[in-house]
Amino acid sequence: MSQAKAYAAMSPTTPLQPWTFDRREPGEKDVRIEVAFCGICHSDLHTVRNEWGPAAFPIVPGHEIAGRVTAVGKKVRGFKAGDLAGVGCMVNSCRKCENCRDGLEQHCSGGLSFTYNSLDKDGTPTQGGYSSHIVVDESFVLRLGTGQPLERVAPLLCAGITTYSPLKRFGTKKGTRVGVLGLGGLGHMGVKLAAAMGAEVVVLSGAAAKKADAQRLGAHDFVLTSDAAAMAKNAGRLDLIVDTVSGPHDIGAALGLLKTAGTLALVGASPKPLELPAFPLIIGRRAVAGSLIGGIAETQEMLDFCAKRKVFADVEVIAPREINTAYERLVKGDVRYRFSIDLSKL
Ligand code: NAP
Ligand code: ZN
Ligand code: ZN
């Protein structure tokens, strides 16, 4: 066992606080990673505040992990001490079910281990990346190239793959008209990735103040969702919308922006149900599809794509003691565009 230093939520209503706990020694196929940076995803906040249902406390959140390998088990082939490595939302799966065999480990039906608020293969609770180090089976560790800003790479492990996967699945290429609904952590990665794929990108946001940022991030246009005239003018314009909104919102209004047979890919995980009006769907022959992060191979593909194109998150680096303030700012939409925790300051 080794003692990990961390920030943990002890209950859904108390601030996160310093905590120490035991991590296992690396087993034969495990990699131990010293965490350099960990992004703050809105899912961390949904989870620790019980917004998605009762969670198992204490919880060390964090599934946007970038760091350096410090030790590997005897049978590890892909990593050695000193390598840069990342961990996303999953740390293990059954590897036998149809989804695992298809590279869709995130939909494993035989027992998926999420990075926190979940159980590892040995039955112990998993704890995430707001911590000094983590021990993960090498099959769920991602390779990070050298010479990249790790604080800006960390958010790719969730915000990056969660937007990359639906963009690819729905055929984004040069000239595809992509709307990104909600310009937060996921949204800003969606804009950068869609633009890098050659798409014409339109940001759909409730915050007029984000217009200049949208352009700087690579968007070609900006539509203020509360502006009825602007929404009407853009009716039927888009092939695909990636909906990253974290709370209840008007999905019907967004559907009206899609072309005939366009798709709204929902990745935002509102704790409250969304109202789905029939007419914009059936009149426009449109589809609403869900999407959950991405598989391990696809995550590696995304990281390699980002390294080659120099696509990284825009981050505000914070110290661990600032996590609670960051959460409050996240609730208010006051983040440009991801908080990245510097774990060397633990
Ligand atoms: P975030 O940084 O807080 O961004 C969410 C954005 O949504 C905000 O910046 C805001 O954009 C908009 N928004 C928030 N509340 C809204 C409301 N009630 N009505 C309308 N717009 C609202 O959050 P994030 O980290 O990007 O995560 C976004 C959502 O995706 C969360 O629910 C998270 O749990 C989920 N998620 C899902 C997956 C998956 O695999 N499917 C993976 C990661 C995260 P504007 O100011 O531009 O309007
Ligand atoms: Zn996430
Ligand atoms: Zn499986």
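Figure legend. Inter-residue proximity from region 16-43: first residues touching a residue at least 40 places away in the same chain (Cβ under 8 Å), second residues of a type in the set (A, V, I, L, M) and open to solvent by 20 Å² or more (accessible area, probe 1.4 Å), beta-carbon distance below 6 Å, spacing 6+ or different chains. Indicated pairs: P26/A71; V31/V72; R32/A71; A36/L150; F37/L150. When F37 is tested against (1) within 16 Å of ligand 2 (Cβ to nearest atom); (2) in contact with a Gly (Cβ under 7 Å, 6 or more places away or on another chain), only condition (2) is not met.
Where in region 163-241 are there strands (runs of 3 or more DSSP E), lying fully within it, with 2 or more residues that are closer than 26 Å to L303 by Cβ and within 22 Å of the chain's Cα centre (by Cα)?
On the way: elements: 177-181, 200-205, 221-224.
Output list reads 177-181, 200-205.
Which residue is nearest to the chain's Cα centre (by Cα), if the candidates are limited to region 84-105 and must be surrounded by fewer than 18 Cβ atoms within 10 Å (Cβ to Cβ) and assigned to a loop (DSSP other than H, G, I, E, B)? Out of the qualifying residues, it is G103.
I'd like the full set of residues that are touching a residue at least 40 places away in the same chain (Cβ under 8 Å) and either over 16 Å from the mean Cα position of the chain (by Cα) or crowded, with 18+ Cβ neighbours inside 10 Å (or both), limited to region 275-296. Once the filter is applied, which keeps residues that are touching a residue at least 40 places away in the same chain (Cβ under 8 Å) and either over 16 Å from the mean Cα position of the chain (by Cα) or crowded, with 18+ Cβ neighbours inside 10 Å (or both), region 275-296 yields G284, A289, S291, I293, G294, G295, I296. Name the single residue that is most open to solvent (accessible area, probe 1.4 Å) among those in region 108-136 being within 16 Å of ligand 2 (Cβ to nearest atom) and closer than 19 Å to S291 by Cα. Restricting to residues being within 16 Å of ligand 2 (Cβ to nearest atom) and closer than 19 Å to S291 by Cα, the top hit is F114.
Give the number of residues within region 258-268 that are open to solvent by less than 40 Å² (accessible area, probe 1.4 Å) and either touching a Ser or Thr at 6+ places or on another chain (Cβ under 9 Å) or assigned to a loop (DSSP other than H, G, I, E, B) (or both). Quick ask: steps written out before the conclusion?
If we filter region 258-268 for residues that are open to solvent by less than 40 Å² (accessible area, probe 1.4 Å), which is where we start, we get 258, 262-265, 267-268.
Narrowing the set further to residues that are either touching a Ser or Thr at 6+ places or on another chain (Cβ under 9 Å) or assigned to a loop (DSSP other than H, G, I, E, B) (or both) leaves 265, 267-268.
Final tally of qualifying residues: 3.
The values are calculated or read from the model by the stated rules, or taken from the named source; none is laboratory data. Predicted model, so just to flag it, every value in this text is computed and none were measured. Every residue, glycine among them, receives a Cβ derived from its backbone with ideal geometry; neighbour counts consider all protein chains shown. Accessible surface areas use protein heavy atoms only, side chains included; no ligands, DNA or RNA. Shrake-Rupley method; radii C 1.70, N 1.55, O 1.52, S 1.80 Å.
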